[in-house]
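See structure below.
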Amino acid sequence: KLKRYTHYIDNMGFHNLLVFLITAFAWKLVEYSQLFIISEWSANSMRECSKQQKIANISLNDCKLDPESSTTYATLYVASTFVCLILVVVFQISFTYGSIQASKILHKALLESVIRAPTEFFDTTPLGRILVRFSSDTDRLDFMVADGLRQTYQTTTAISLAVIGMIFVTRGIII
């Protein structure tokens with residue numbers, strides 16, 4: 001239900017949510033850029049080998065690649081991997097911190113509603129049932145809602161960037 005997720009998002013805090021959204025988007029963007037780096041690297045290598053085959057009539061295995069070009073692509077790939085790693089760590093920290101903040105707020109509201117219940121509620125409802133319900137609601141908030149929110153955003157971001165990438169690669173033919 002969308003209402004649960006929006007209530008949870010409201011309690012995460014604006015700054016946590018903003019950092020979470022930006023880092024998740026940047027993380028996926030860098031992750032997809034790595035695919036373009038590898039693609040360009042292999043295409044450049046194939047172009048070089050193709051030129052050498054035409055000039056010297058050598059096999060693909062005997063092709064000599066420019067070490068400077070390979071170093072540039074390798075450096076770009078390693079740098080993007082480190083950037084991706086940093087973004088994943090920031091993403092996880094911001095999401096975890098926001099989830100803890102939302103859980104605290106929602107736990108406090110749940111506890112206050114149980115404490116403010118009329119005395120008849122405690123007379124007719126066994127304490128074990130109250131504890132089981134309280135703990136299962138808290139468990140659902142901490143795990144199911146939080147993980148569902150994280151997975152939904154990651155999937156949405158991945159799909160959006162994949163569509164943008166297809167439009168970029170096909171130069172707008174898809175539109």
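The values are calculated or read from the model by the stated rules, or taken from the named source; none is laboratory data. Please read these numbers as outputs of a predicted model, since none were measured by experiment. Cβ coordinates were reconstructed from backbone atoms using ideal geometry, including for glycine residues, and neighbour counts include every protein chain displayed. For the accessible areas, the whole protein counts, side chains as well, though only heavy atoms, and no ligand, DNA or RNA atoms are used. Shrake-Rupley method; radii C 1.70, N 1.55, O 1.52, S 1.80 Å.
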Original post:
In degrees, nearest 10, range 0 to 90: what is the angle between the Cα axis of helix 67-115 and the longest Cα principal axis of the chain?
Top reply: 10 degrees
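What accessible area per residue comes out for the chain, rounded to a whole number of Å², with a 1.4 Å probe? Intermediate values should be presented prior to the final figure.
Details: 12290 Å² over 175 residues.
Per residue, the chain has 70 Å² of solvent-accessible surface.
How much net charge surrounds residue 154 when only other residues with a Cβ under 13 Å from its Cβ are counted (Lys, Arg +1; Asp, Glu -1)?
Values: positive: 28, 150; negative: 31, 147.
Counting the neighbours of residue 154, the net charge comes to 0.
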Original post:
With the dipole of the stretch 101-154 worked out from charges on the C-beta (+1 for Lys and Arg, -1 for Asp and Glu) around the Cα centre, which of 114, 132, 144 lies farthest toward the positive end?
Top reply: 144
Original post:
Which angle between 0 and 90 degrees, to the nearest 10, do you get for helix 127-139 versus the longest principal axis of the chain when only C-alpha atoms count?
Top reply: 20 degrees
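In whole percent, and with a 1.4 Å probe on the protein chains, what portion of the accessible area of the chain is carbon and sulfur?
On the way: 8310 of 12290 Å².
With neighbouring chains kept in place, the figure for the chain is 68 percent.
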Original post:
Relative to the first principal axis of the alpha-carbon coordinates of the chain, what is the inclination of helix 146-169, with its axis defined by its Cα atoms, in degrees from 0 to 90 and to the nearest 10?
Top reply: 30 degrees
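To the nearest 500 deg cm²/dmol, what mean residue ellipticity at 222 nm is calculated for the chain from DSSP H runs of n ≥ 4 alone, each contributing -39,500 (n - 2.57), summed and divided by the residues?
Values: 6 runs with 146 residues, N = 175.
Theoretical 222 nm ellipticity from helices: -29500 deg cm²/dmol.
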Subject >> Kirkwood estimate for the stretch 36-175, i.e. one over the average of 1/r between Cα atoms, Å >> reply: 21.0 Å
**OP:** Using Cα positions and a limit of under 23 Å, work out the lysines in reach of residue 3, with same-chain residues fewer than 8 apart set aside.
**Re:** 104, 108
